[in-house]
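Only the coordinates and a few stated rules stand behind these numbers; no lab work does. All values reported here derive from a predicted model rather than from experimental measurement. We place every Cβ from the backbone using ideal geometry, glycine too, and count neighbours over all the protein chains shown.
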Amino acid sequence: MTPPIPENDFTALEVYGWDAGRARELAKQGRRLDGVVGRIVVRHKGLYTVRTGAGEVLARIKGYLRYQAGTFAELPVVGDWVVLTKKPHDDLWRIREVLERRTVLRRKVPGLRSAPQVLAANVTTVVLVMGLTEDFSVRRLERFMVLVHESGAQGFVVLNKADLLTADEVAQAVEQVRVATGEITVATLSALDGESARSALAPLLCAGETLVFVGSSGVGKSTLINALLGEERFRTGEVRESDGRGRHTTTVREMVRLPQGAVVIDSPGIREIQLVDADAGLVDAFAEIAELARGCRFRNCTHTEEPGCAVLEAIESGALDPARFDSFRQLQSETDIQRRRRAEWIESQKRAFRQMKKRR
Ligand code: GDP
Ligand code: ZN
């Protein structure tokens, strides 16, 4: 007996970001679609709320999909497009396939073995919100650029709380960030002024866009999203630390639609995505090696063959486990490569921007 499959209503899915490109991908695979297509809007523990053309359903992962995924990071996340099926007598749908991700927003767990955690998929634009007053930092902006670059999405920078500065001061701030942001749009606004916020972000708000907002606590992300929603959906000034994980998933949609057509993916994990340098994590994770290295004779000691190397001495004497030192070295060289790549990429963005300026 074939299970009943409701018609796939792709038009209804367009307001959640479905597009012709995805339809073509499915067609190219030349297969009969034997399931319902939908987009994950909430990820619960082991359970997903999926938006289909015919409304929301609850689904879980098919056993073999979980098995194939291998690591936690590869399981479906909010924003994923999935194919679902359901047996007639089951209450829950099953996610049997995750369609190819166009972009992936990852949280790097700095330092150690754990794979980067995937926070959201198929995000089209990552919006960094920085406060012009308390939170302003060009370094953070550079890290944001790396995050955007690695996600595959486009970036957008909001310098918020412009109402607290003079026009001159705002212009100065924009000048400062320009070097780091290159071609990325930088909008200065006040989230308290809903009208101007909506018009500054207008290019991002149409159907097909999937937005996330990142930035430090207190910079005005909730206020801004509320302004876009035109209603009080997120409480502002909330103390995030008190957000129990379980409570969050049951009370908050992680994906909401804006009246203009775009969808916003919002969860504490995404908002608080740490724009930190891997280096800081490395030093934290191997504090005792960093401590030892301070005792080396040469400041730039590589701990390989230098005379008077305190790290090598510690290995010699058995005070430091050589295996641990190896993993430190391994990670250090990875971080070095990352740092170099990042520096190169930021340079290339700056070059592109200078050229663009010259052409004008
Ligand atoms: P979030 O933690 O990033 O979500 O920040 P909130 O949206 O909760 O805002 C933190 C505080 O900053 C609240 O008291 C807001 O009213 C205030 N705020 C947000 N945007 C602006 C702005 O553009 N100008 C001013 N003066 N205050 C703002
Ligand atoms: Zn040394």
(request) Show the residues, 5+ positions off or on another chain, whose built amide H is closer than 5 Å to the amide H of residue 154. (result) 125, 126
(message) I need the phi-derived Karplus couplings for segment 159-173: 6.51 cos²θ - 1.76 cosθ + 1.60, θ = phi - 60°, integer Hz, Gly and Pro marked x.
(response) 9, 9, 6, 4, 5, 8, 10, 7, 4, 4, 5, 4, 4, 4, 4
(message) Need the full-extension length gain, residue 133 to residue 12, defined as separation in residues times 0.36 nm minus the C-alpha distance. One decimal, nm.
(response) 39.3 nm
(request) Using only alpha carbon pairs under 8 Å that are at least six residues apart, calculate the relative contact order of segment 10-98 and give it in whole percent. (result) 27 percent
(message) Between residue 288 and residue 28, what is the label-point separation in nm under the 7 Å Cα-to-beta-carbon projection?
(response) 5.2 nm
(message) Eigenvalues of the Cα gyration tensor times 5, then square-rooted: what semi-axes does that give for segment 110-225, in whole angstrom, largest first?
(response) 24, 17, 13
(request) Sort segment 10-98 into rounded, prolate or oblate with this rule: let a ≥ b ≥ c be the square roots of the eigenvalues of the Cα gyration tensor; rounded if a/c is under 1.5, and if a/c is not under 1.5, prolate when a/b is larger than b/c, oblate otherwise. (result) rounded
(message) Using amide H atoms built in the peptide plane, which far-off residues or other-chain residues are under 5 Å from residue 261 H to H?
(response) none
(message) Whole-Hz ³J(HN,Hα) for each residue in segment 118-127, computed from phi via Karplus 6.51 cos²θ - 1.76 cosθ + 1.60 with θ = phi - 60°, x for glycine and proline: what do you get?
(response) 7, 9, 7, 10, 6, 7, 8, 9, 9, 9
(request) Tell me which residues come under 5 Å, amide H to amide H, from residue 120 once H is placed; ignore anything under 5 positions away on its chain. (result) 105
(request) Return the sequence-ordered ³J(HN,Hα) values of segment 14-19 in whole Hz as given by the Karplus equation 6.51 cos²θ - 1.76 cosθ + 1.60 applied to θ = phi - 60°, using x for Gly and Pro. (result) 4, 5, 9, x, 5, 9
